[in-house]
1. Could you give the radius of gyration (one decimal) and Dmax (whole number) of the Cα atoms in the stretch 112-239, in Å?
2. Relative to the longest principal axis of the C-alpha atoms of the chain, give the angle of the C-alpha long axis of helix 370-381, reported between 0 and 90° and rounded to the nearest 10°.
3. Taking 8 Å as the Cα distance limit and 6 or more residues as the minimum spacing, I'd like the relative contact order of the chain as a percentage.
4. Using a 10 angstrom Cβ neighbour count of at most 15 plus a DSSP loop assignment to flag exposed chymotrypsin sites (Phe, Trp or Tyr not before Pro), which longest range of the chain is free of such sites?
5. Using a ≥ b ≥ c from the Cα gyration tensor of the stretch 131-182 (square roots of the eigenvalues), is it rounded, prolate or oblate, where a/c under 1.5 gives rounded and otherwise the larger of a/b and b/c decides, a/b for prolate?
6. Give the lysines whose C-alpha is closer than 23 Å to that of Lys477, dropping any in the same chain fewer than 8 places away, or say none.
7. Return the lysines within reach of Lys397: Cα separation strictly under 28 angstrom, same-chain partners fewer than 8 residues apart disregarded; answer none if there are no such residues.
8. Over the stretch 216-331, what lengths in whole Å, largest first, do the semi-axes of the equivalent ellipsoid take, defined as the square roots of 5 times the eigenvalues of the alpha-carbon gyration tensor?
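The values are calculated or read from the model by the stated rules, or taken from the named source; none is laboratory data. Predicted model, so just to flag it, every value in this text is computed and none were measured. Note that we place each Cβ from the backbone using ideal geometry, even for glycine, and neighbour counts take in every protein chain shown. These accessible areas exclude ligands, DNA and RNA; they are computed on the full protein's heavy atoms, side chains included. Shrake-Rupley method; radii C 1.70, N 1.55, O 1.52, S 1.80 Å.
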Amino acid sequence: MSDIGKRLGQLPAEEIRELIYRPQLTSVNADDFKAMLSLNQAHLVMLSECGLVDAPTATTLARAMCTIAQQGVDTADVDTLLEDAYFAFETRLSSIAGTHAAGALHLARSRNDIGATLDRLRARHYALDISDALLEVRTQCVTRTAQYTDVIMPGYTHLQPAQPVSFAYYLSGYEVALARDSERIARSYDTINTSALGVAALAGSSFHIDRNRTAALLGFDGTTRHGLDTVASRDFVLELLSAVSILGTTWGKIMQDFHVFVSDEFASISFPDRVAGISSIMPQKKNPIALEFLKAQASRTLGAFVSSMSAARSSNFSVSLDAIREGLTDAWQTLAATPNNLALLRLIMETVEPRRTGLVERCNKNFSTATDLADGLVRQCNLSFREAHHIVGGVVKMALDLGVDATGITPAMIDTVAQDIIGKPLSLSAAFVHTCLDAEHALKQRTTQGGACAASVTSILDVSQHQLAQSRLEIDKRRQQLHDADVALQQAIQMLAH
């Protein structure tokens, strides 16, 4: 057993080792290993520059860390007598550099600030990966939107035909919503990217360290302001997870739309066979498995947020496993899964196809142009909108009673209802009524900012293109900052090693 601590007179119980320690040790992946190594390297460089470790010890530790880097994560032995990845790393370092040198590295720090820093490194890694994947989805939305400005379809409220829109209008609306999700994730990165290293257990250190130096070497924008808050709080993870939960709600609503639209009853869109599944018994089936999967993933994302928030809410303002480790288990799994979910969403956006001919015919028959007829009565007959609304509502009811659709509405029907409601006929021409009830004409009238006409969609796309470019620049700038910091860190380590 390691000599890290001698406070306890007994070895950990088998249940503790297998049920608590082993999962922590075996879950360490290559990214976690790299983060732990970088953190220790940055701390070593800072201690050396501040004169808190002597040159021979610094050289010994730097060389040992280079060896560990070459060996990689897979060569580490899982010893369940070691509580977590930090003790495992220190033990590994001790086996190469010696106990004295490895012990010197722990000056002016604690597992508490180490853990908080590792969580920030992990969270920003996920934030950038999610941002990248989301950018791909948004780009696909914009690309497909430009292809379908001429595809007219019913727009829906309460899943009932409402007014004609274009398929492009639907897709551009999805992109606008996803752009807000991108903004939320980007803002969470600003909260995440501050260094916790150097606050030690909770109250800071009595040694004169340079927290800003380790922050810079790890690519952070700065340092946290309060030691206790630093080690006790993981709200930066919750903030990111909250943004991802809202993102999940966005993609869940899109999938719900598509799930309805792809049904035989709606028959509004289709997907190629390569994104579908089959039935084990019914040979005619083509199941939208990707849509169903993503709907479920949206629910799981929300569940992870509720679970993590509940763990944080029931804990003290202190370091505790329930709040800062076990309570975040679902959060980390969800954040890790989100880029994969977004890759599926990108595939769906890439492959969805509207059923062109049937959609515009449906618009012309299902009364979704009734509002345009009411608008026409206001313009042509000097009626208030409410009067026109009542007349057209009565006309629709008459049409349904007669068993005809919107194409069967006649000026005579409008006169009959108008006589009952306002006491006089309107004497409209058949051509006027036909034009008001034509879906293509109705769509062209929606010219207000944010409206559904082709020119408005083009304007929306222009803004989306600009925002996509800005998002790309921001992500690339942040990745470059991390790359430059890592280069500086490795150069500093190599100087110490030689």
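1. 21.9, 70
2. For 370-381 against the chain, the angle is about 50 degrees.
3. Values: 672 pairs, mean separation 93.2, N = 498.
Result for the chain is 19 percent.
4. That gives 1-206 as the longest site-free run.
5. On the way: a/c = 3.96, a/b = 1.69, b/c = 2.34.
It comes out oblate by the Cα gyration axes.
6. Of all the lysines, those that pass the test against Lys477 - Cα under 23 Å, at least 8 places apart if same chain - are Lys34.
7. Partners found: Lys365, Lys424, Lys444.
8. Details: eigenvalues 356, 47, 28 Å².
So the three semi-axes of the stretch 216-331 are 42, 15, 12 Å.
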